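Scroll down for the structure; my scribbles are underneath it.
The values are calculated or read from the model by the stated rules, or taken from the named source; none is laboratory data. These numbers come from a predicted model, not from an experiment. In this analysis, Cβ positions are derived from the backbone assuming ideal geometry, glycine residues included, and neighbour counts consider all displayed protein chains. The area values use the complete protein model at the heavy-atom level, side chains included, leaving out ligands, DNA and RNA. Shrake-Rupley method; radii C 1.70, N 1.55, O 1.52, S 1.80 Å.
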Amino acid sequence: MSCRRCLLPSPHTLLLTCRQPFLLPSHKHLLLWVAAGLLTCSFPPHPPGQQMLFPPSEAPGRPWEPLSWSSVLDCRVPVVTEELAREALLSFVNSKCCYGSAAAGALVIQELRQQTLFRYRLETFSESRLSEWTFQPFTNHLVDGPHRGTSPKLWDIKVQVPAMFQEDTRKSQVPHSSLVKDCHKCCGHGRYKCSGCHGAGTVRCPACSGAKRKARPPRRCPRCSGSGRCRCSMCSGRGSKTCSTCKGERKLVHFVQLVTMWRNSLFEFVSEPHLDCPRELLAKAKGENLFRDENSVVYPIVDFPLRDISLASRRGISQHSAALASRGRILQQRQTIELVPLTEVHYWYQGKTSVYYIYGTDHQVYAAAYPARCCCGCTIV
């Protein structure tokens, strides 16, 4: 049972008079005092129209549900057997044109050393906006200029957000920012002098170089019919060209353009492998998803068995927050932890020992020292 007014355990209540202003102790301290038996009072009736409110003991936050990491990891760690290791090697060899499969079937597997790696990935989907002046030909359409109102601020303009974590760029006109001016390229004429013929409409004949006749055999030039000049191909003999800026409309409408960009920032971390396998392969390997957290803002992971993952989570969230604070806003964040299995296979073949690696949930193979291969320019992956 608890008091309906102060939420303190009954029958302990607190006698308060609201005639003079004073400071109350925190609710947490009141509970401690009551538990210790230091407070035994009663409430007088509240005056009409007044209500006594206790401040919250702490700021509200996102509830955190602790995960049992050990139980998750124990049931997810895959086991690579000798049969599976050989099948993975044979599949790898068959995909290579210069590798012989006889060695893969005849080699003797001596030892399997397995390690479980963890890959942490943080994706931050953000939106940034910028403005720029641009123009387009004016076609006597309605102009949304300052006379129709004041232009809104960039972040006050409503823009449809695309699907989360899909990058996109969109351009739109800022309302009430349009101005009509003469075209700066043609000075409002709609056409400008051709640069090929300098306005003449004709150019010197390329066949006779303006001589009007051919030297060998002596005869009139068939290209220019003996005139020494030909029609300009750039302007079709007009001497001028339609302005490419205003498309012949003579005027341009200038306006402020809003450029909205959605970008997906990525932070990745792979735990340190104890086996000698290239890290660039492990970063691209397929893994099994152990943990996924998606929200408008995610919190750092705590108490993960591998401390490096918790530190990477804190570091990635801090880096993204600092990088995006000055140039945009975060719309959504997603963090995941993937389990990436890695197995080092020690084998014996024709008196020599060597190793190859099986990594990822799809059992990719890295065999840099595979014995049965020929050199024809193949790249080992």
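When residues in the stretch 271-291 are screened for being more than 14 Å from His363 (Cβ to Cβ) and of a type in the set (Lys, Arg), 2 of them pass. Counting only strands (runs of 3 or more DSSP E) that fall entirely inside the stretch 225-289 and contain at least 1 residues that are in contact with a Leu (Cβ under 7 Å, 6 or more places away or on another chain) and of a type outside the set (Val, Ile, Thr), the qualifying elements are 251-270. Of the residues Arg307, Arg315, the single one that is among the charged types (D, E, K, R) and surrounded by 13 or more Cβ atoms within 10 Å (Cβ to Cβ) is Arg315. Scanning the stretch 191-204 for residues that are in contact with a strand residue (DSSP E or B) (Cβ under 9 Å, 6 or more places away or on another chain) and under 14 Å from Gly239 (Cβ atoms) gives Arg191, Tyr192, Lys193, Cys194, Ser195, Gly196, Cys197, Gly199, Ala200, Gly201, Thr202, Val203. Listed by first and then second residue, the pairs linking a residue in the stretch 167-189 that is within 11 Å of Gly145 (Cβ to Cβ) to a residue that is among the β-branched types (Val, Ile, Thr) and open to solvent by 50 Å² or more (accessible area, probe 1.4 Å), with Cβ atoms under 8 Å apart and 6 or more places separating them unless they lie on different chains, are His176/Thr150. Residue check: is Cys277 among the hydrophobic types (A, V, I, L, M, F, W, C), at pLDDT below 95 and closer than 30 Å to Ser151 by Cβ? Here the answer is no, as Cys277 does not meet what is asked. Taking residues in the stretch 99-115 that are within 25 Å of His274 (Cα to Cα), and partners anywhere that are open to solvent by 70 Å² or more (accessible area, probe 1.4 Å) and part of a strand (DSSP E or B), the pairs with Cβ atoms closer than 6 Å and at least 6 places apart or on different chains are Val108/Trp348; Gln110/Trp348. Taking the criterion of being at pLDDT 90 or above and outside any helix (DSSP H, G or I), the residues of the stretch 292-310 that qualify are Arg292, Asp293, Glu294, Asn295, Ser296, Val297, Val298, Tyr299, Pro300, Ile301.
Applying the criterion of at least 2 residues that are modelled with pLDDT of 90 or more to the helices (runs of 4 or more DSSP H) found wholly in the stretch 61-167 leaves 82-94. Exactly one residue out of Tyr120, Tyr99 is hydroxyl-bearing (Ser, Thr, Tyr) and under 30 Å from Val302 (Cβ atoms), and it is Tyr120. Evaluate the following for Leu252: is it surrounded by 14 or more Cβ atoms within 10 Å (Cβ to Cβ) and touching a Cys at 6+ places or on another chain (Cβ under 8 Å)? Considered against the rule, which asks whether it is surrounded by 14 or more Cβ atoms within 10 Å (Cβ to Cβ) and touching a Cys at 6+ places or on another chain (Cβ under 8 Å), Leu252 comes out as yes. Being β-branched (Val, Ile, Thr) and under 27 Å from Ser244 (Cα atoms) is a property that Val159 lacks.
Across the stretch 322-350, the number of residues qualifying as out of contact with any Cys (no Cβ under 9 Å at 6 or more places or on another chain) and within 30 Å of Thr81 (Cβ to Cβ) comes to 13. Filter the stretch 256-299 down to the residues that are within 30 Å of Thr169 (Cα to Cα) and free of Cβ contacts under 8 Å to residues at least 24 places away in the same chain and list them by number. Answer for the stretch 256-299, where residues must be within 30 Å of Thr169 (Cα to Cα) and free of Cβ contacts under 8 Å to residues at least 24 places away in the same chain: just Lys284.
Of all residues in the stretch 331-348, none are outside any strand (DSSP E or B) and either in contact with a helix residue (DSSP H, G or I) (Cβ under 9 Å, 6 or more places away or on another chain) or at pLDDT 90 or above (or both). Give the residues of the stretch 333-355 that are of a type in the set (Phe, Trp, Tyr) and open to solvent by less than 30 Å² (accessible area, probe 1.4 Å), sorted by residue number. Selection gives Tyr347 alone. For the stretch 192-224, residues that are open to solvent by 90 Å² or more (accessible area, probe 1.4 Å), under 30 Å from Leu252 (Cβ atoms) and not in a loop (DSSP other than H, G, I, E, B) total 1. Just one of the numbered conditions (1) open to solvent by 80 Å² or more (accessible area, probe 1.4 Å); (2) modelled with pLDDT under 90 is not true of Cys235: (1).
Just give me the residues in the stretch 139-167 being loosely packed, with under 14 Cβ neighbours inside 10 Å and among the charged types (D, E, K, R), in sequence order. Matches in the stretch 139-167: Arg148, Lys153, Asp156, Lys158, Glu167.
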